[in-house]
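The values are calculated or read from the model by the stated rules, or taken from the named source; none is laboratory data. Everything quoted here is computed from the prediction, not taken from an experiment. Using ideal geometry, Cβ is built from the backbone for each residue, glycine included, and neighbour counts are taken over all protein chains shown. Just the protein is used for accessible areas: all its heavy atoms, side chains included, with ligands, DNA and RNA removed. Shrake-Rupley method; radii C 1.70, N 1.55, O 1.52, S 1.80 Å.
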Amino acid sequence: QVQLVDTGGGTVQAGGSLTLSCAASATSGSLSRINHLAWYRQAPGKQRELVATMTSGGSTDYADFVKGRFTISRKNHKTTGYLQMNSLKSDETAVYYCSADVWTAVTGTVNYWGQGAQVTVSS
């Protein structure tokens, strides 16, 4: 079993920055690795939308509304994913979710979702 934990949410003023983290850990203690990584967000009353993706090979893609401001990355031997968010806007207040294809020696590759991190951007 793998846990995927989103952290780093909080409240920031418009124009500010936040970095979200997405950490994968296998409860059995076996090695784990994040392959495909994606960040989504869901604002109140709106559908969940894709923000950014990173393939297992490291290629990245961004929604037009965050290009040039957000950066997706993966470090720590590929056990942790990040979303660096700069120049945040008030309408980007949302719960941000990490979705990752996580490999372990026990389960192979399985898709998991984090529990979500609340990001509030005040104007």
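The table that follows gives values for the structure above.
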{"quantity": "Order by protection proxy (mean Cβ within 10 Å, highest first), peptides 71-80, 10-19, 93-102", "calculated": "93-102, 71-80, 10-19"}
{"quantity": "Net charge dipole size for the chain [Lys, Arg +1 and Asp, Glu -1 on Cβ; Debye, nearest 20]", "calculated": "160 debye"}
{"quantity": "Inter-centroid distance (Cα atoms) of the stretch 61-123 relative to the stretch 13-34, Å", "calculated": "8 Å"}
{"quantity": "Solvent exposure of the chain as accessible area per residue, Å², 1.4 Å probe", "calculated": "51 Å²"}
{"quantity": "Gln3/Ala43 FRET efficiency (R0 25 Å; Cβ-Cβ; nearest 0.05)", "calculated": "0.45"}
{"quantity": "Residue among Ser99, Asn111, Gly81 farthest towards the positive dipole end of the chain, charges placed on Cβ", "calculated": "Gly81"}
{"quantity": "Share of carbon and sulfur in the accessible heavy-atom surface of the stretch 59-123 [1.4 Å probe, %]", "calculated": "48 percent"}
{"quantity": "Counted charge near Ser21, where neighbours are those whose Cβ lies closer than 14 Å (Asp, Glu -1; Lys, Arg +1)", "calculated": "+2"}
{"quantity": "Neighbourhood charge, 14 Å Cβ-Cβ cut-off, centred on Met85 and excluding it, Lys, Arg +1 and Asp, Glu -1", "calculated": "+1"}
{"quantity": "Local net charge near Arg69, Cβ-Cβ under 10 Å (Lys/Arg +1, Asp/Glu -1)", "calculated": "+1"}
